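The values are calculated or read from the model by the stated rules, or taken from the named source; none is laboratory data. Keep in mind the model is a prediction, meaning the values are calculated, not measured. Because the Cβ atoms are built from the backbone with ideal geometry, glycine has one as well, and the counts that use them run over all protein chains shown. Accessible surface areas use protein heavy atoms only, side chains included; no ligands, DNA or RNA. Shrake-Rupley method; radii C 1.70, N 1.55, O 1.52, S 1.80 Å.
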Amino acid sequence: MNSVFRPYLRRFVLVFFDDILVYSPTWAGHLEHLSLVLKLLRQHSLVAKRSKCSFGQTTVDYLGSVLSVQGLAVDPSKIAIIQQWPAPRNIKEVRSFLGLTGYYRRFIHHYASIAAPLTDLLCHGAFLWTERAQKAFETLKACLSSTPVLALSDFSHEFQVETDASGVGIGVVLSH
């Protein structure tokens, strides 16, 4: 999908696996962009399932964000899900939670150190939820629910790369 849409990516098209988002500042521009996208799909013998398509929307839910004329915002329901996430009761649930937080690890300063008590639960033979694990769990939930982790980058500003190495892992934070 990325190679098919390469000429238009981040100009007026975003692609994530099989999700295609066409965005435009004006209705006339949108119709032109949509025509180009549909033409490309046809040229590459790709099809879109009509029941999964929506056209001419002013607000779109996309990958946990809400896009509208006001800009990009975090989907409030996603924050609520994170805040209400119950404490893991077994190793499988710890893996699930770490899978979610791992996606955002590059945005969380000292992620490896914070997550270490939870990661340790995966290494031992018996699951034992401790106060240390609870604190790590609550800290990660708070980090995931905060604006700096959820905000989009502003490419008009310079970026700064910070590295973090500890006895339990290595991390990098990109900030500006």
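Quick notes on this one:
- On the stretch given as the stretch 14-30, residues that are surrounded by fewer than 14 Cβ atoms within 10 Å (Cβ to Cβ) and outside any loop (DSSP other than H, G, I, E, B) total 5.
- Filtered residues of the stretch 91-111 (kept if touching a helix residue (DSSP H, G or I) at 6+ places or on another chain (Cβ under 8 Å), assigned to a helix (DSSP H, G or I) and either over 14 Å from Leu144 (Cβ atoms) or open to solvent by 30 Å² or more (accessible area, probe 1.4 Å) (or both)): Ile91, Val94, Arg95, Leu100, Arg105, Phe107, Tyr111
- Complete set of residues in the stretch 31-47 that are open to solvent by 40 Å² or more (accessible area, probe 1.4 Å) and either assigned to a loop (DSSP other than H, G, I, E, B) or among the hydrophobic types (A, V, I, L, M, F, W, C) (or both): Leu31, Leu36, Leu38, His44, Ser45, Leu46, Val47
- Selection within the stretch 48-88 - at positive phi and surrounded by 11 or more Cβ atoms within 10 Å (Cβ to Cβ): Leu63, Gly64
One line per residue, one yes/no per condition, for (1) under 17 Å from Leu98 (Cα atoms); (2) at pLDDT below 90; (3) surrounded by 13 or more Cβ atoms within 10 Å (Cβ to Cβ); (4) over 20 Å from the mean Cα position of the chain (by Cα):
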{"residue": "Leu121", "(1), (2), (3), (4)": "yes, no, yes, yes"}
{"residue": "Trp129", "(1), (2), (3), (4)": "yes, no, yes, yes"}
{"residue": "Ala133", "(1), (2), (3), (4)": "yes, no, yes, yes"}
{"residue": "Thr139", "(1), (2), (3), (4)": "yes, no, yes, no"}
{"residue": "Ser145", "(1), (2), (3), (4)": "yes, yes, yes, no"}
{"residue": "Ser153", "(1), (2), (3), (4)": "no, yes, no, no"}
{"residue": "Phe159", "(1), (2), (3), (4)": "no, yes, no, no"}
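- From the options Val13, Val60, Val37, residue that is modelled with pLDDT of 90 or more and under 29 Å from Leu100 (Cβ atoms): Val13
- Among (1) over 30 Å from Ser145 (Cβ atoms); (2) under 16 Å from the mean Cα position of the chain (by Cα) - the single one Trp27 does not satisfy: (2)
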